Amino acid sequence: MDARPRLHVTQRAILTEDDNGVWTGRYGGEKWSVTADSEEHALQRLREKLESLLDDDERTARIIALGEQAAQGSYTEEGFEARFINQEAYEDRMIEAMETYFDQD
């Protein structure tokens, strides 16, 4: 079994509503945001935007660099967490993510 620690990054959605009923959503660690007329629509737009960026190598490298900094304690931001985990915890996390994804279908 590979004993190297794995970087585990968690990005949480941050949603706010202004006085005019406009919702703004962003993920911790990202430089972009979306706006919508409802919380549900803002979440949908967040998912769509993030999915469109999954193959962006520059974004991936930036998130990994931020994750390494966060895991070492030199970077903090609301909605962004990272830590190094062992192979077993990594595999458990991947199974959990897949189960969550397939439960949504």
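Got at least one residue in the stretch 90-100 being at pLDDT 95 or above and surrounded by fewer than 11 Cβ atoms within 10 Å (Cβ to Cβ)?
no
In the stretch 52-75, what count of residues is obtained for those that are within 15 Å of residue 27 (Cβ to Cβ) and loosely packed, with under 13 Cβ neighbours inside 10 Å?
4
Which of (1) touching a Gly at 6+ places or on another chain (Cβ under 8 Å); (2) surrounded by 14 or more Cβ atoms within 10 Å (Cβ to Cβ) does residue 78 not meet, given it meets every other one?
Only one criterion in (1) touching a Gly at 6+ places or on another chain (Cβ under 8 Å); (2) surrounded by 14 or more Cβ atoms within 10 Å (Cβ to Cβ) is unmet by residue 78, namely (2).
Quick one: residue 14 ticks every box in (1) at pLDDT below 95; (2) over 16 Å from residue 53 (Cβ atoms) bar one, so which box is it?
(1)
Collect the residues in the stretch 21-51 that are buried (at least 18 other Cβ atoms within 10 Å of the Cβ) and among the charged types (D, E, K, R), keeping them in residue-number order.
26, 30
The values are calculated or read from the model by the stated rules, or taken from the named source; none is laboratory data. All figures in this text were calculated on a predicted structure; none of them were measured in a lab. Cβ sites come from the backbone with ideal geometry, for glycine too, and all protein chains shown count toward neighbours.
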